[in-house]
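Okay, so here's the structure we're looking at.
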């Protein structure tokens, strides 16, 4: 039966692309509709979130969920990962203390150990004993006397650039280093694109806008009207998956489905540190979201490029950038100035102003962060958040009737949990046999050429007007198992 079933997925972000790959590998006929000329180009993605350690406000259960889901995502997209750790630092002016997260780190370490015992293929964040390390001030200052290591292979070697550059008078001790890796959106897009090329029953329709969706009154399913190559087309599908990102509510409105949600516009800034050739870990300086002392995130890329988040309303967040839907519509109405940024472009003055603010935000902790240039336009986009909780970090899929799935992931790591739930729904409809999932091992056999991924990622950087260095990682080898990426 699966050879006759037609599934439509609206939206080619990380959610829509991953579920297309999942269902395509199961033999289902999938049409993926994406309005842009390439897939996975939405809000800035830069972290794997292996344990949710960047978010002190979320629950332990949510952190455990993120740990499990991040391991799954890494196994699906191993060539999109920058295998470098992350330093967690708490400023003296912050109300929190490093000791506040010790229990959580030990909980996650134990959970990771259990996951490895259950399935050794889960050992992708090094050994459980190396999940995190605590650094007192004396240890960090001693590292300052060591030479920079070109290819760091352990926590101490990764910490050396931090010891030489960070203003420790601004921070509480100890510092914490954790196996929180980078997630490269350009390599992620390249990986997903190449995977789809190897699955003949996926029809990827880029530069295609879905104009309308309505119930098919003659047979079960939906009719999609869409525009491609300046031609209006109409087609029946047996099952519809809404993964339209921040436009998810517009598809709901077409079908009369009511769902509360938030939409938030955010951006991260791309800089070039001309005097820096060192390989850094990521560094997170905690702070209260939305205040002038909001979290600062310092994300490294090759050749002195750094992506910066400053969780303040003048940098990454925007004063009126978080909006809620009204009672008459499931689609929150984002201000037109942000729609223009998404659909058109940023002004040069706005790019300069906000990037300079981001640089200043980092310099309070890293005074040596000088001679820094604005490298490109920001990485930006709007994100949907189901419900009314802006701090929500774990979400996947919800259903309307039996032939409509709504994907609203908040973090990229949730894509396979989402996919599993949709597959269960398709099994209930007898579209698939009951034993198809079997720990998803069928998903992890692509064996993509890392050089080809890099080539496609460089092309994506060029097409999207970003520096080509962002197509690479600082760690061409996964040091946990010495696999070249």
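The values are calculated or read from the model by the stated rules, or taken from the named source; none is laboratory data. Please read all numbers here as calculations on a predicted model, not as lab measurements. Note that we place each Cβ from the backbone using ideal geometry, even for glycine, and neighbour counts take in every protein chain shown.
For every residue, the table says whether it meets (1) touching a residue at least 24 places away in the same chain (Cβ under 8 Å); (2) in contact with a strand residue (DSSP E or B) (Cβ under 7 Å, 6 or more places away or on another chain).
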{"residue": "348", "(1), (2)": "no, no"}
{"residue": "356", "(1), (2)": "no, no"}
{"residue": "361", "(1), (2)": "yes, yes"}
{"residue": "373", "(1), (2)": "yes, yes"}
{"residue": "382", "(1), (2)": "yes, yes"}
{"residue": "432", "(1), (2)": "yes, no"}
{"residue": "436", "(1), (2)": "yes, no"}
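The single condition among (1) modelled with pLDDT under 95; (2) over 19 Å from the mean Cα position of the chain (by Cα) that residue 325 does not meet is (1).
Just one of the numbered conditions (1) farther than 19 Å from residue 280 by Cβ; (2) buried (at least 17 other Cβ atoms within 10 Å of the Cβ); (3) assigned by TED's automatic domain parsing to the domain that holds residue 282 is not true of residue 157: (1). One residue stands out among those in region 430-458 that are modelled with pLDDT of 95 or more and surrounded by fewer than 17 Cβ atoms within 10 Å (Cβ to Cβ): the one that is nearest to residue 23 (Cα to Cα), which is 452. Against the list (1) under 30 Å from residue 448 (Cβ atoms); (2) touching a helix residue (DSSP H, G or I) at 6+ places or on another chain (Cβ under 7 Å), the condition residue 156 fails is (1). Could you tell me whether residue 307 is over 30 Å from residue 474 (Cβ atoms) and assigned by TED's automatic domain parsing to the domain that holds residue 377? No; evaluated as a whole, the condition is false for this residue.
Considering only region 252-262, I want to know if a residue exists there that is touching a helix residue (DSSP H, G or I) at 6+ places or on another chain (Cβ under 9 Å), over 30 Å from residue 224 (Cβ atoms) and not in a helix (DSSP H, G or I). For region 252-262, residues touching a helix residue (DSSP H, G or I) at 6+ places or on another chain (Cβ under 9 Å), over 30 Å from residue 224 (Cβ atoms) and not in a helix (DSSP H, G or I): absent. Of the helices (runs of 4 or more DSSP H) lying entirely inside region 127-231, those containing at least 1 residues that are farther than 22 Å from residue 83 by Cα, within 28 Å of the chain's Cα centre (by Cα) and touching a residue at least 40 places away in the same chain (Cβ under 8 Å) span 185-197. If you filter region 232-243 down to residues that are over 28 Å from the mean Cα position of the chain (by Cα) and assigned to a strand (DSSP E or B), you find that the one that is surrounded by the most Cβ atoms within 10 Å (Cβ to Cβ) is 237.
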